[in-house]
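Structure first, then comments.
The values are calculated or read from the model by the stated rules, or taken from the named source; none is laboratory data. Since we're looking at a predicted model, the values are computed, not measured. Heads up, the Cβs are rebuilt from the backbone with ideal geometry, glycines too, and the neighbour counts pull from every protein chain shown. Protein only, heavy atoms only, side chains kept; ligands, DNA and RNA dropped before computing areas. Shrake-Rupley method; radii C 1.70, N 1.55, O 1.52, S 1.80 Å.
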Amino acid sequence: MKINIRQIVTACVTLLIPLGMTAQKKQFTLEDLNHGGNNYYSMIPENRYTAWWGDELIHTEAHYCALVNKQTGEEKTLFAIDELNRWAETTDSTRIRHFYYATFPYPNEPLVLLSSKQERMLVNWEEKKVVWRQSRQVNGLSETAKDWNSASRAVAFVADHNLYVTDAEGHLRQLSTDGSREMVYGQSVHRDEFGIEKGTFWSPDGQRLAFYRMDQSMVTDYPQVNIDNRIAAYEPDKYPMAGETSHKVTVGVYDLTSGKTIYLDAGDPTDRYFTNIAWSPDNKTIYIQELNRDQNDCRLVSYDAVTGKKTGELYHEQSDKYVEPLHPIQFLPWDKEKFILQSQKDGYNHLYLFDTKGKQIKQLTSGEWVVMDVAGFNEKKKSVIILSNEKSPIQANLYSVNVSNGKRTLLDNGEGYHNGELSSGGAYICDTYSSPDVPRKIDIVATDGKTKTKNYLTAADPWAGYDVPEYSCGTIKAADGITNLYYRMVKPTGFDPTKKYPTVIYVYGGPHAHNVDARWHYASRGWETYMAQKGYVLFILDNRGSENRGRDFEQATFRQLGQIEMQDQMRGVEYLKSLPYVDADRIGVHGWSFGGFMTISLMTNYPDVFKVGVAGGPVIDWKWYEVMYGERYMDTPQTNPEGYEKTSLIPRAKDLKGKLQIISGYNDQTVVPQHCLSFLEACILAGTQPDFFVYPGEPHNMRGHQSTHLHERITQYFEDYLK
């Protein structure tokens, strides 16, 4: 027998290598896991940009657009970027760079709407030519807050604080002349609360424009500072704090045909909120949900769009806590006299059918679950397509609701967390979803509830080959002993149940947010994976006060933010301490914004439990937070002094024992620097020793690669003091 010395040497060396080393998995870095990381976008599941052209699905890739066969998923290229630029005879400054945001506004015409920095254009890809152009640089004005209407092809925009409209022929109309940082036109008002995301609202025919005008001259300036100048410059920001003077909002209506502007005769706007603007299908009536400053009295009011006169009050809702209108009414496409209104007056957000005289015809949906979104309507089937968590509080699934009889038909696979874009005709929905073990799938779903679903994309696991921790989900009882709370746990890579691990609780806890759902890895954040790789247990609990669990679940925290939330989080701590692998002497906590408030609340109210904390952008005292949000949940400092005193962290500065790092954006306009600085001052007076780090020029959340720097800093703090 011939002996191969090389084989013997190789075999001997192999025996000396510890088990597992021959197939060692790759390790993550923050550049992989953090959204500001250099390698982040190669580590997220594959996705596809799509747009609807009527009931036809278009794949809008960077350099081409393709028609998707809804039965087979096969694609047929419609046009490529080089040929489109050739048809459009673009220059370097007007060249279309990609098709990611291409839209197809006319269901029966082969027209694609595209924009460059210089112009927007409609291109007919069958005739291979531009059929319409509109400059975005009229008279040297650059558009911001732009709002284009497909019916009239007019665009509303803001430039130099004033509101303008450019019509389809390129004629510029100036709607305001006194715009400034104190007199705001055509932009989001009420600090983006109440579902407000913009400030202009076209009528369906594009001939009238409703717009917000916000007078905030009476609102106190907060003294923000720009340090980038040779000498730091004063750059004040209007910031209405709880209990202080707020701004005044009115609604104007511009008529494109007459060139005239009127304002709705809504009465004195002092201490009132105007939200959820909607147009009637006939373009003649404007509907607004009007809310008092106490936010416990909401009225749906109609106005004549020509005269501005009030024409009726269609709905009135009151509460001993608060009413929170977040959605404009939606008219039935097949019946212009009926509309859908969303309300949680029965305890959960549901749909109600009304007529234009204000009569409630019926409640369309009901049950101990939440309608999370209305995707639109299937006109042919006379149904409304909704997203709800009927299947599970941590799921989101698509249903068709028959408007005639209320029957609900599940449209998706009944698992995971879905989000759908409905075709303009309502016959199909592009359903993007994931589940705890599925990174991402996209299905093409017919909304008739009968046609078989076609899978369009199944994304591969981008983390294949990496050392991935174990993600799990479960429930514990809230402090009331009745309510189920959902948690997510991430165990360390190479988990050994006989060891004891340092544990970090990540917390948010506030309204309009949740952390745990049935998405990939139970919606775990990349930083949790990074920490698990370093040997930590991560625990995340959605306490009472968070979203999508109904009115009473969220309003349990009314007038005492942080108190019920802490009780529930401490039930989570009790659960952790019952686990043999959790080191009860090494428990840390981290959160941002409301989560920063929760972090310091837990550190100072339970100083012997939490060894280390990192609080980002924390609210310290709710009297320094803004009017709309603060007063909704806390009332005013004048009417609820006990609540503000109980929840303030200033008196708690003396109770700090563990290691606490506070981090803030230096130019935070959401949780202004007064919060952090006042707490630091209180700690100095009390002799306690928190650490403080600031990001110059950054707002409430760190942008770009600074976010990676931030999460490395957070990690290092736990490495230094908890591990």
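Name the shape class, rounded, prolate or oblate, that the alpha-carbon gyration tensor gives for region 450-538, where a ≥ b ≥ c are the square roots of its eigenvalues, rounded holds for a/c under 1.5, and otherwise prolate holds if a/b is larger than b/c and oblate otherwise.
oblate
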Segment S217-Q174, length gained on full extension (0.36 nm per residue, minus Cα span): 13.3 nm
Reference-scaled alpha-carbon Rg (2.2 N^0.38 Å with N residues) for the chain: 1.04
Whole-percent carbon and sulfur share, accessible surface of region 230-369, 1.4 Å: 45
Under 12 Å, Cβ to Cβ, from N419 - net charge with Lys/Arg +1 and Asp/Glu -1: -3
1.4 Å probe accessible area per residue over the chain, in Å²: 44
Probe 1.4 Å, all protein chains present, accessible-area order of I44, I444, largest first: I44, I444
Cα-Cα separations in region 311-368 greater than 16 Å, expressed as whole percent: 45
Solvent exposure, largest accessible area first (probe 1.4 Å, DNA, RNA and ligands not counted), of Y644, Y234: Y234, Y644
Directionally averaged projected area (convex hull, Cα atoms, region 169-318), nm²: 11.3
Percent RCO, i.e. relative contact order, over region 361-460, from Cα pairs under 8 Å lying at least 6 residues apart: 18
Residue-averaged [θ]222 nm for the chain, counting only DSSP H segments that reach four residues, each worth -39500 (n - 2.57): -4500 deg cm²/dmol
Carbon and sulfur %, accessible surface of region 534-639 computed with the full protein complex present, 1.4 Å: 44
Aspartates and glutamates with Cα under 12 Å of K477, excluding same-chain neighbours fewer than 8 positions away: D542, D568, E574
In Å, descending, principal axis extents of the Cα set of region 470-522: 34, 26, 17
Relative pair counts by distance (%), Cα atoms of region 17-173, 5 Å bins: 2, 8, 14, 15, 14, 12, 11, 8, 5, 3, 2, 2, 2, 1, 0, 0
Kirkwood estimate for region 325-398, i.e. one over the average of 1/r between Cα atoms, Å: 12.8
Rg/Rh for region 262-346, where both radii come from Cα atoms and Rh is the Kirkwood radius: 0.97
Cβ-derived FRET efficiency at R0 22 Å, L677 paired with R293, nearest 0.05: 0.20
Estimated FRET transfer efficiency when R0 is 45 angstrom, pair S392-E244 (beta carbons, to 0.05): 0.60
Given K380/K450; K128/K441; K380/K454, the pairs whose alpha carbons are separated by over 25 Å: K128/K441
D265-Q71 FRET efficiency (beta carbon distance; Förster radius 45 Å; 0.05 resolution): 0.25
Simple spin-label estimate for R713 and N226 in nanometres, 7 Å along Cα-Cβ: 2.3
Diffusion constant of region 101-177 at 25 °C, which comes from Stokes-Einstein with the Kirkwood Cα-pair radius and 0.890 mPa s, µm²/s: 189
Relative contact order (%) - criterion: Cα under 8 Å, at least six apart; region: the chain: 9
Largest to smallest accessible area among M121, M218 [probe 1.4 Å]: M218, M121
Region 151-217 - Rg and Dmax from Cα coordinates, angstrom: 12.3, 36
Tensor-based shape of region 134-179 (alpha-carbon gyration tensor, a/c under 1.5 rounded, otherwise prolate or oblate): prolate
Which listed pairs, of K654/K723; K76/K129; K321/K623; K198/K238; K500/K654, have C-alpha distances above 23 Å, in listed order: K654/K723; K500/K654
Value of Rg/Rh across region 363-491 [Cα atoms, Kirkwood radius]: 1.04
